[in-house]
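Chemist: So that we are looking at the same thing, I have put the structure below in structure tokens.
The values are calculated or read from the model by the stated rules, or taken from the named source; none is laboratory data. From a predicted model like this one, the values you see are computed outputs, not experimental measurements. Here the Cβ positions follow ideal geometry from the backbone for every residue, glycine too, while neighbour counts run over all protein chains shown. SASA here: full protein model, heavy atoms, side chains in, ligands and nucleic acids out. Shrake-Rupley method; radii C 1.70, N 1.55, O 1.52, S 1.80 Å.
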Amino acid sequence: MAKILVDFQLSHDQEKVTQGNIVIANIQPGKSNLHEQVKKLIADQFNCPTGIISIKQIKMNA
């Protein structure tokens, strides 16, 4: 298990963009589709669809 820091962006509309970061603990980075796994966790946290989430950067063991 690892701890990661994720910089992300939520695009609500063309003019509404929210940027942020989140620390996710106890994630398995060796698992395939890490970006999709992280998007799902962010979507669950913010109650939004995964389609509006863009991952800008993932840092391991943050």
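Chemist: What nm value, rounded to one decimal, do you get for the distance between PHE46 and LYS3 when each label is placed 7 Å out toward the C-beta?
Modeler: About 2.3 nm, to one decimal.
Chemist: Leaving out ligands and nucleic acids, and using a 1.4 Å probe, what accessible area per residue does the chain come to in Å²?
Modeler: Ligands and nucleic acids excluded, the figure is 70 Å² per residue.
Chemist: On to the next question. Rg/Rh for the range 8-48: what does it come to with C-alpha atoms and Rh from Kirkwood?
Modeler: For the range 8-48, the value is 1.02.
Chemist: Another question about this same structure. In deg cm²/dmol and to the nearest 500, what is the mean residue ellipticity at 222 nm of the chain if only DSSP H runs of at least 4 residues count, each as -39500 (n - 2.57), divided by the residue total?
Modeler: Roughly -6500 deg cm²/dmol at 222 nm, from the helical runs in the chain.
Chemist: Related question: Charges only on Cβ, +1 for Lys and Arg, -1 for Asp and Glu: so what's the dipole of the chain about the Cα centre, in debye to the nearest 20?
Modeler: 240 debye
Chemist: Can you give the local net charge around THR50? Use residues other than it whose beta-carbon is closer than 10 angstrom to its beta-carbon, Lys and Arg +1, Asp and Glu -1.
Modeler: Every neighbour counted, the sum reads 0.
Chemist: Within the chain, how many Lys pairs sit with Cα atoms under 20 Å apart, leaving out pairs fewer than 8 places apart on the same chain?
Modeler: 15
Chemist: Put +1 on the Cβ of every Lys and Arg and -1 on every Asp and Glu Cβ in the chain; which of CYS48, GLN14, ILE4 then has its Cα farthest towards the positive end of the dipole?
Modeler: ILE4
Chemist: First compute the accessible area of the chain with a 1.4 Å probe, then give the percent of it belonging to carbon and sulfur atoms.
Modeler: Carbon and sulfur: 44 percent of the exposed surface of the chain.
Chemist: Would you mind calculating the relative contact order of the chain from Cα pairs under 8 angstrom and at least 6 residues apart, reporting the percent as a whole number?
Modeler: 50 percent
Chemist: Let me ask something else. Let's test the formula: R0 of 22 Å, r as the Cβ-Cβ distance of GLN37 and GLU15. What FRET efficiency results, to the nearest 0.05?
Modeler: Approximately 0.15, to the nearest 0.05.
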